[in-house]
1. Do we have Lys23 as assigned to a loop (DSSP other than H, G, I, E, B) and either open to solvent by 70 Å² or more (accessible area, probe 1.4 Å) or closer than 28 Å to Arg109 by Cα (or both) here?
2. Taking the range 291-332 as the region of interest, how many residues are closer than 22 Å to Asp93 by Cβ, open to solvent by less than 20 Å² (accessible area, probe 1.4 Å) and among the aliphatic types (A, V, I, L, M)?
3. Scanning for something among the polar types (S, T, N, Q), out of contact with any Gly (no Cβ under 8 Å at 6 or more places or on another chain), part of a loop (DSSP other than H, G, I, E, B) and on the phi > 0 side of the Ramachandran plot, does the range 187-205 turn up at least one residue?
4. Residues of the range 90-106 being in contact (Cβ under 8 Å) with a residue 60 or more places away in the chain and not charged (D, E, K, R), which ones?
5. With respect to Lys251, determine if the residue is open to solvent by 30 Å² or more (accessible area, probe 1.4 Å), at negative phi and touching a residue at least 12 places away in the same chain (Cβ under 8 Å).
6. How about the range 137-157: which of its residues are open to solvent by 10 Å² or more (accessible area, probe 1.4 Å), within 30 Å of Gln204 (Cα to Cα) and of a type in the set (A, V, I, L, M, F, W, C)?
7. Val185 passes all but one of (1) open to solvent by 40 Å² or more (accessible area, probe 1.4 Å); (2) touching a residue at least 40 places away in the same chain (Cβ under 8 Å); (3) over 30 Å from Ile250 (Cα atoms); which number fails?
8. Being more than 12 Å from the chain's Cα centre (by Cα), touching a residue at least 40 places away in the same chain (Cβ under 8 Å) and part of a strand (DSSP E or B) is the filter here; which residues of the range 276-288 pass it?
Amino acid sequence: MNEKFKILLSRISSFIDLESLIKTSKQNLIFPFYHAVSNDDLPHIKHLYPIVSSRQFENDIDFFLKNYKAISTIDVIKENCNIKEKSFVLTFDDGLREFYKTAAPILLRKGIPATCFVNTAFVDNKDMLYRMKASLLIENINKKPFSKSQFCAVQQIFSEYNKPKDLLKISYNNRYLLDKIAEIVDVDFQEFLKKQQPYLTSEQIKELINKGFYIGSHSVSHPHYDELDEDTQIQETLNSIYFLKEKFNIKENLFAFPFSDFDVKKSFFDKISQEIDLSFGTASLKTDTVKTNFQRIAMEVSGYKNAETYIKSEYILFLIKKLLKKHIIYRK
């Protein structure tokens, strides 16, 4: 969504109350989600999306509590996906340390349930999302620009490179290029994982479960599902679920698509239906022909004054989509 359209939606939202938007849209259940809540500088994230501060997060939560009932993913399962009361379900992606360090204490204090979706390949900081590797490289290059020889060496590896941000163009299938570039600029990803511990450890996950939080799967390695064949999609999904069941005795099988569920076929959902209780995409306020697959609203956005303005804008956008008959995701 471009900035001009955001501004327009924000202005329109100031003239409409939230209750009217909820009633008109009939979208009484929403799924806001976050990645990292932190007051720290996070070089592996800062070039990917805005980092929500603890103060902003608390303000968001207070808005949701004022207007919706806080329920859990498990409540959705128990009610057979039919929630009638105005409610919100809070989730977090990527299994980052900041959920344990910053978000969870706030949620415990306010009595709010939440589900954290983890990539099983990254648990215990054994590996790192390729996009976060790119962000870390960008941060290092910005601080210490390439020499001419380094620039030429990187262009030989990745011909599209002209400026640091270009590293974000490197795809999941070509993620090995980031390791090669790291060698040129003397960035040690394993050392970063060891020192910074950006991901949840097994002990932290167990502690979170004991405190009442839920843990779900975010795939094994965080690929773009629309770039995978269906067999690989299923492997990424079920292997991560089996890992969580075996290691943490997870009872409810929850899955959040990495990046998005764009172009994922109905046959995929049919094949995992006996293994997955609920799944989640990232298409904001939309309905889905797969009744156990819910779309979530990404809360790490720029251009809005506060959560109220943003959520009201999302409702307005949903109503526009409905007029255009684009508010439902149909699976082929």
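The values are calculated or read from the model by the stated rules, or taken from the named source; none is laboratory data. Model, not experiment: these values are computed from the prediction. As a convention, Cβ positions derive from the backbone with ideal geometry for all residues, glycine included, and neighbour counts pool all protein chains shown. When the accessible area is computed, the model is the full protein with side chains, heavy atoms only, and any ligands, DNA or RNA have been set aside. Shrake-Rupley method; radii C 1.70, N 1.55, O 1.52, S 1.80 Å.
1. No: the conditions fail for Lys23.
2. Within the range 291-332, residues that are closer than 22 Å to Asp93 by Cβ, open to solvent by less than 20 Å² (accessible area, probe 1.4 Å) and among the aliphatic types (A, V, I, L, M) number 4.
3. The first filter runs over the range 187-205 and keeps only residues among the polar types (S, T, N, Q), leaving 190, 196-197, 201-202, 204.
With out of contact with any Gly (no Cβ under 8 Å at 6 or more places or on another chain) added as a condition, the list becomes 190, 196-197, 201-202, 204.
From what is left, the residues that are part of a loop (DSSP other than H, G, I, E, B) are 197, 201.
This time we only want the ones that are on the phi > 0 side of the Ramachandran plot, so: 197.
Checked the range 187-205: at least one residue is among the polar types (S, T, N, Q), out of contact with any Gly (no Cβ under 8 Å at 6 or more places or on another chain), part of a loop (DSSP other than H, G, I, E, B) and on the phi > 0 side of the Ramachandran plot.
4. Applying the first criterion (in contact (Cβ under 8 Å) with a residue 60 or more places away in the chain) to the range 90-106 yields 91, 93-104, 106.
Thr91, Gly95, Leu96, Phe99, Tyr100, Thr102, Ala103, Ala104, Ile106 - these are the residues of the range 90-106 that are in contact (Cβ under 8 Å) with a residue 60 or more places away in the chain and not charged (D, E, K, R).
5. No; evaluated as a whole, the condition is false for this residue.
6. The answer is none; no residue qualifies.
7. (1)
8. First, pick out the residues of the range 276-288 that are more than 12 Å from the chain's Cα centre (by Cα): 276-279, 285-288.
Next, from what is left, pick out any that are touching a residue at least 40 places away in the same chain (Cβ under 8 Å): 277-278, 285-288.
Within the range 276-288, Leu278, Thr287, Asp288 meet the criteria.
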